[in-house]
């Protein structure tokens with residue numbers, strides 16, 4: 001199983017696009033310890049699933065930034081590069097869709 005951001009595309013009402021985040025194993029092994037260390041509230045909810053509200057996106061992006069810094073400090077090599085890349089892609093996509101009126105998005 002894996003965790004991803006799924007959202008409706010502007011191309012068509014039926015099109016869904018996605019951004020992969022992590023496998024459940026990677027999320028539990030790498031993301032959740034960082035979330036616990038930083039006392040994050042939003043990101044741990046990705047494991048169970050989260051309907052995104054536009055009001056929550058700035059807080060989630062801020063948590064992603066904090067987790068990114070933690071990953072850089074606490075991991076090295078290919079693991080760190082991959083984790084940081086996923087965090088950056090997710091953060092960028094969340095910023096992008098937050099400007100779309102009446103977007104529909106889910107993480108899980």
*How do 31, 106, 42 rank when sorted from fewest to most other Cβ atoms within 10 Å of their own Cβ?*
106, 42, 31
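Can you tell me, using C-alpha contacts under 8 Å and at least 6 residues apart, the relative contact order of the chain as a whole percent? Let's see the in-between values first.
Numbers: 125 pairs, mean separation 40.9, N = 108.
That works out to 38 percent.
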_Just to confirm the number: angle between the C-alpha axis of helix 77-98 and the first principal axis of the chain, 0 to 90 degrees, nearest 10?_
30
*For helix 57-74, what angle does its Cα long axis make with the longest principal axis of the chain, in degrees from 0 to 90 and rounded to 10?*
30
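Per DSSP helix of 4 or more residues, -39500 (n - 2.57); summed, then divided by the residues of the chain. What does that give at 222 nm, rounded to the nearest 500? Intermediate values should be presented prior to the final figure.
Values: 3 runs with 47 residues, N = 108.
Roughly -14500 deg cm²/dmol at 222 nm, from the helical runs in the chain.
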*asked:* Given 4 °C and 1.567 mPa s, compute D for the chain with the Stokes-Einstein relation, Rh being the Kirkwood radius over Cα pairs; round to the nearest whole µm²/s.
replied: 92
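The numbers here are math on the coordinates, done by the rules we state, and not lab data. Small disclaimer: the values here were computed from a predicted structure and weren't measured. When we count neighbours, we look across all protein chains shown, and the Cβ atoms used for this are built from the backbone with ideal geometry, even at glycine.
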